[in-house]
Structure formats: C-alpha cells, structure tokens
1. Going toward the positive end of the dipole of the chain, with +1 on Lys and Arg Cβ and -1 on Asp and Glu Cβ, which of Ser199, Leu27, Phe269 do you reach last?
2. Which residue, Met239, Ser286, Leu85, has the largest displacement toward the positive end of the dipole of the chain when charges sit on each Cβ (Lys, Arg +1; Asp, Glu -1)?
3. Please report, in debye to the nearest 20, how large the charge dipole of region 1-134 is about its Cα centre when each Lys and Arg carries +1 at its beta carbon and each Asp and Glu carries -1 there.
4. For the chain, which whole-number percentage of the solvent-accessible area (1.4 Å probe, protein heavy atoms only) is attributable to carbon and sulfur atoms?
5. I need the phi-derived Karplus couplings for region 95-103: 6.51 cos²θ - 1.76 cosθ + 1.60, θ = phi - 60°, integer Hz, Gly and Pro marked x.
6. By how many nm would the segment from Glu362 to Leu234 grow when fully extended, if each residue of separation counts as 0.36 nm and the alpha-carbon distance is taken off?
7. Where the only charges are on Cβ atoms (+1 Lys, Arg; -1 Asp, Glu), what is the dipole of the chain about its Cα centre, to the nearest 20 debye?
8. Could you give the distance between the Cα centres of region 135-163 and region 94-122, to the whole Å?
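The values are calculated or read from the model by the stated rules, or taken from the named source; none is laboratory data. The shown structure was predicted, so the numbers you read here are calculated from the model rather than taken from an experiment. All Cβ positions, even for glycine, are placed from backbone atoms using ideal geometry, and neighbour counts span all protein chains on display. Heavy atoms of the whole protein, side chains included, go into the accessibility calculation; ligands, DNA and RNA do not. Shrake-Rupley method; radii C 1.70, N 1.55, O 1.52, S 1.80 Å.
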Amino acid sequence: MIYFFTTVAGVVLAGLLIGYIFGAPILGAFIGLAGYSLYSSQQLAKLHRWLMTGGKPPESIGPWGHTFEQIYRREKHLKSEIKDLTLALSRMRRSTKRLRMGVIFLDQQLHIQWWNPAAEKLLKLRPKQDIGQNLVNLIRDPSFVSYVGDADFTRSLRLPSPSYTGDTLRISISPIDKRDMVMVLEDITQQTKLDEIRSEFVANISHEMRSPLTVMTGRLDMCDSADQVTDRTLASLKMQTDRLTNIVEDLSLLSKLEANPVITDKPSFDLVPTIKEIFEHALAMSNGQHNLSLEIPDQVIIKGMQQELYSALSNIVFNAIKYSPDGGDISIQLIDDADSCTFTVSDQGIGIPEESLTRLTERFYRVDQARTAGGGSGLGLSIVRHVLNRHESMLNVKSVLGQGSTFSCRLPKNT
Ligand code: ADP
C-alpha cells in the first residue's frame with residue numbers, strides 16, 4: 001500500500017516539477033496522475049487476463065510488478081498446501097476403505113457426512129439417500145437414542161444390528177472438534193456368541209455341581225467319629241466342600257449378572273440401613289481385632305437392587321478385614337452428594353502392588369496365593385464390578401503395598 005502511495009506521490013511531484021518548468025505546475029501534476037491512472041488500468045486488465053488464464057505472472061515493474069509477484073507466490077504456496085491435503089485425504093480414504101471397522105463422519109447434529117465401505121455394509125447405508133441423513137433416523141434402537149442423547153461418548157455401546165441380521169455391533173463416537181465427530185462400528189457377533197456360550201457353560205456347570213455338593217455337605221454333617229485323626233479329616237473335608245459350594249454359588253451369581261448387564265426398572269430404597277447391616281456383620285467378623293469406624297448420613301435414597309448392593313459393598317468391607325492385620329484401622333464412609341452418593345472403605349492392611357490394581361476385578365484373580373490362604377476364591381471383586389456396572393457405577397481402587405488400600409464407588413441416585 002505504502003509502495004503505491006509513494007509511487008503516486010512521486011508521479012504527482014514529477015508532474016508538478018515539469019509543469020513548473022513550463023509555467024503550469026497544476027496541469028503538469030494532473031497530466032502525471034492521468035498518465036499513471038491509464039498505466040494502472042492497463043495493469044488491472046493484465047491482472048484480470050492472468051487470473052482468468054493462469055500461468056506465469058505478467059511482466060511489470062514498480063508496485064504492480066511487486067503485486068503480481070506476491071499473488072503468484074501465494075498461489076504457488078496454496079497449490080502446494082492443497083496438493084498435500086488432497087494426498088493426505090486420499091491416503092486416509094484409501095486406508096479407511098480397507099478397514100474392517102465401519103467409520104462414519106458426522107456433524108454435531110449427527111448428520112452423516114461420509115462413510116467407508118465397511119460402515120455401508122454394517123448399516124446397509126444407501127449412498128444417494130442416506131448422505132446428510134440424521135443417524136437417529138437410521139438407527140432407531142432406544143439404547144442408541146439414549147446413548148446419543150446423553151452425549152457421554154467416553155463409553156461404547158453394544159447394539160443389535162439395525163438391519164435385523166441378528167448381528168451385534170459395538171458403536172463408539174468420538175468428537176473430532178466443535179463441528180465434527182467420528183463414529184466407529186465393529187461387528188462383535190462372534191465375540192458375543194462366544195461370551196454367551198462361556199456364560200451358559202459356567203451356569204450349567206454350577207447348576208450341575210450344586211446337587212452333589214449339597215449331598216456331600218449333608219453326609220459330612222452327619223458323620224461323627226471318636227477318633228481325632230478322622231475328626232480332623234472330616235473337618236478338612238467339610239472346609240473344602242464349603243469352599244467349593246461358595247465358588248459354585250459365586251459363579252452362578254456371576255453368570256446371572258453377566259446375562260443381565262442392565263436393570264430395566266430399579267426400585268428406590270434407603271442405602272443407610274444396608275450399610276449399617278454390613279457394619280454390624282463386619283464388627284462380628286473382625287471380632288474386636290480391628291478399629292472399625294462408620295461415617296454415614298441419616299438417609300440416602302437411591303435406585304437399585306438392595307440385595308445385590310449388599311453383597312457387593314459387604315465384599316469390599318469384608319476384604320478390608322481379611323487383608324488387614326490385627327489392630328489396623330478400617331473406616332467405612334457413605335457421603336451424600338447432590339445426585340449421587342460415594343461409598344468408601346479405607347484400610348491400613350497389606351496393600352496391593354501397583355501392577356495388580358487393574359486386574360483385581362478379573363475372575364479368579366488373586367494377588368498371590370499366600371495372602372489368600374484363608375480361602376478366598378478371587379471371584380468377589382468380579383461380582384462387585386458386575387453389580388456396580390448394573391448400577392451405572394465402577395470400582396476405584398487406590399493402594400500402596402504394605403500401607404493399605406482405599407476402595408470406593410460413586411452410586412448415582414436417580415438412574
Ligand atoms: P478373594 O476372595 O480372594 O478375596 P476378591 O475378588 O474379593 O477375591 O479379591 C481379589 C484379590 O484382591 C484378593 O485375593 C486380594 O489379594 C486382593 N484384595 C482385595 N481387597 C483387598 C484389600 N482390602 N487389601 C489388600 N488386598 C486386597
């Protein structure tokens with residue numbers, strides 16, 4: 001801009017000077033300006049022609065030459081950026097085309113922008129009709145509607161295929177930025193079938209084992225002996241039969257929980273008496289060996305299955321007793337928040353090594369055999385996880401080996 005002004009000022013000055021020599025400075029300046037305007041119109045015409053036809057910039061000098069050069073440089077830079085972007089885009093499209101997972105790009109209102117062939121196959125999408133459609137018009141399953149309604153995309157969703165093929169899909173949505181989102185779909189039919197077979201197998205085995213175990217327990221109860229060796233053998237047999245019975249009961253409960261991951265209609269109840277009952281049992285179990293404390297509000301009404309929560313929360317408390325040496329402090333807390341409550345159990349027990357923390361809720365996982373000499377099955381925390389999942393909650397564990405552990409969970413009140 002400055003370059004243009006100084007040039008115009010130069011032309012006016014030169015016109016003034018030449019005009020002055022001839023005794024008409026204003027006329028000189030005017031002729032100078034008119035000449036430069038004519039020249040500029042010519043350059044504008046050149047610019048227009050160049051913009052229409054492309055190619056090299058027109059030859060010119062001064063500010064016009066500089067402007068042509070700038071435009072040319074910027075155009076070259078933009079072209080190379082567009083080339084890079086086009087390459088990246090086509091590379092991305094080629095790779096997503098080969099993906100076995102379905103990929104759909106959506107805007108914030110869930111309008112479909114683009115999909116890959118796997119998504120087309122999984123959702124039976126029609127290229128002409130479905131582009132720009134709202135996804136909720138294509139996937140009408142209520143669980144999907146509430147999934148996108150909640151907009152909590154930290155979790156994925158398991159869904160029967162909307163094209164009624166009997167397949168099962170896993171869907172997860174991730175926001176890309178303020179405008180766009182990407183949805184990934186996986187066909188998990190095989191995995192779901194295997195899970196069902198495994199679950200049925202475990203349920204059948206537990207069912208079949210229950211009757212012989214009941215008979216064995218009954219018979220052992222009836223056995224009586226005068227000699228000490230046989231007494232000890234009978235006691236040991238009874239202990240092992242009880243342990244097996246516990247494992248069978250836990251496995252059967254786990255299968256039931258796994259088969260029904262969602263509770264459709266949860267009754268409301270006050271959680272406080274349940275925690276008090278757990279505390280009473282804990283006192284009896286500890287038998288004065290630990291310093292147990294309870295902090296609890298007067299009332300906490302939540303929606304859920306009282307029996308299930310009793311079994312899950314008591315398991316956490318009983319573990320604190322099992323894995324704490326005599327004299328250890330154990331605190332049990334229920335804190336009432338606005339729309340949830342938090343249950344926490346802290347102990348000063350043997351603690352859990354960091355590498356085991358993520359595996360605690362696996363079936364049959366025990367940190368080591370030595371610490372569970374008392375007969376733990378390793379199923380307790382797995383049951384806790386399933387019960388908490390059914391109550392839209394999860395178990396948090398913090399622990400330092402040799403110093404103690406804190407187990408907590410946040411239970412929503414109204415879902
Ligand atoms: P178990 O019947 O063996 O107690 P759980 O599933 O309840 O099975 O617990 C799994 C493992 O987690 C236990 O074997 C134990 O090693 C560890 N654990 C659970 N709670 C605690 C705790 N409060 N302190 C230390 N270790 C614990």
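1. Farthest along the dipole direction, towards plus: Leu27.
2. Comparing the listed Cα positions along the dipole, Leu85 ranks first.
3. 1160 debye
4. 59 percent
5. Calculated HN-Hα couplings, in order: 6, 5, 5, 7, 5, 7, 7, x, 10 Hz.
6. 42.8 nm
7. Using Cβ point charges on Lys, Arg, Asp and Glu, the chain gives about 2800 debye.
8. First find each Cα centre; the distance between them is then 15 Å.
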